[in-house]
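Read the structure below first, then the notes.
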Amino acid sequence: MIPISAVDYTVGIKEGDWIKYGEVRVSWTGTGTEPSYVSDMKRLDWIKANIETISGTTVTIATAGKFRNGTSIPSSSLTIDIATGQGSAGTIMLIAANLKEGDSIPTQYGRALEIDGTVAFTYCGAARSVNFVDLTASYIGTISTTGMYWDKATGILVEVYMSTSYTSPSAQSMELSYKALETNMWSPNILGLISRNSFTSLGS
């Protein structure tokens, strides 16, 4: 693994940039009552993230959105230091720009993720170079798979897929995906508007 200090962690976005996520797909199967957090996610329509402030490698992001019934999602604020991974718990919305395969992504969990590769996919109407991380974890009673995709030039998150299966205390499984739909960070083009990514997201 490349030492974190060997990677140039550069912020690739600017204040005023924004990105909107949607196509939220959630499924759950299992015995008993569907968990409330799954029911809540099923209600989501879209989330918009606005880049508020940038100080060195620390970025503050404001989020707001809508539920499917038209109710507004209360706004909130996230912070992330792309060089250390410190900030709001679980924040994966932004990583450093122009990382390459094998580069480390610092996290607040004490272990760095690693870029698995770069592919060409279409997001927000334009073909983009996209860095991705695929994770599979297995521990007592649980198997989980996660795919995370970030626009290479900006470091902004563009898609997430998660699948988790439990065998204990009862058999349950959940899948979740969402992706970027609109942004002001790049412009759509004709080819991008009519093309599809080469992989199939949940429910596509």
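The values are calculated or read from the model by the stated rules, or taken from the named source; none is laboratory data. Everything quoted here is computed from the prediction, not taken from an experiment. Note: ideal-geometry Cβ built from the backbone for every residue, glycine included; neighbour counts use all protein chains shown.
What the table below lists for this structure:
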read-out: Selection from region 1-58 of residues that are of a type in the set (Ser, Thr, Tyr) and assigned to a loop (DSSP other than H, G, I, E, B); value: 9, 10, 31, 33, 57
read-out: Filter result (part of a strand (DSSP E or B) and among the hydroxyl-bearing types (Ser, Thr, Tyr)) within region 102-137; value: 104, 118, 122, 123, 129, 136
read-out: Within region 93-109, tally of residues that are surrounded by fewer than 18 Cβ atoms within 10 Å (Cβ to Cβ), modelled with pLDDT under 95 and closer than 21 Å to residue 184 by Cβ; value: 0
read-out: Test: residue in region 45-67 that is exposed (fewer than 15 other Cβ atoms within 10 Å of the Cβ) and within 28 Å of residue 172 (Cα to Cα); value: yes
read-out: Residues of region 27-42 that turn out to be surrounded by 15 or more Cβ atoms within 10 Å (Cβ to Cβ) and either at pLDDT 95 or above or out of contact with any Ser or Thr (no Cβ under 8 Å at 6 or more places or on another chain) (or both), as a count; value: 3
read-out: Candidate set: region 120-142, residues that are among the aromatic types (Phe, Trp, Tyr) and farther than 20 Å from residue 165 by Cα; chosen: the one nearest to the chain's Cα centre (by Cα); value: 132
read-out: Number of the exception - residue 8 against (1) over 19 Å from residue 93 (Cβ atoms); (2) buried (at least 16 other Cβ atoms within 10 Å of the Cβ); value: (2)
read-out: Every residue from region 139-156 that is assigned to a strand (DSSP E or B), of a type outside the set (S, T, N, Q) and under 23 Å from residue 101 (Cβ atoms); value: 147, 148, 149, 150, 151, 156
read-out: Qualifying position, being exposed (fewer than 15 other Cβ atoms within 10 Å of the Cβ) and over 26 Å from residue 15 (Cβ atoms), among 137, 112; value: 137
read-out: Residue list for region 20-76, restricted to those being polar (S, T, N, Q), touching an Asp or Glu at 6+ places or on another chain (Cβ under 8 Å) and over 22 Å from residue 88 (Cβ atoms); value: 27
read-out: Every residue from region 34-55 that is over 23 Å from residue 177 (Cβ atoms) and without any contact (Cβ under 8 Å) to a residue 40 or more places away in the chain; value: 51, 52, 53, 55
read-out: The lone exception for residue 75 - which of (1) farther than 15 Å from residue 157 by Cα; (2) at pLDDT 95 or above; (3) part of a strand (DSSP E or B) it fails; value: (2)
read-out: Hits in region 89-108 (condition: aliphatic (A, V, I, L, M) and in contact with a Gly (Cβ under 6 Å, 6 or more places away or on another chain)); value: 94, 95, 96, 97
read-out: Flag for residue 81 being among the charged types (D, E, K, R), in contact with a Gly (Cβ under 7 Å, 6 or more places away or on another chain) and under 18 Å from residue 152 (Cα atoms); value: yes
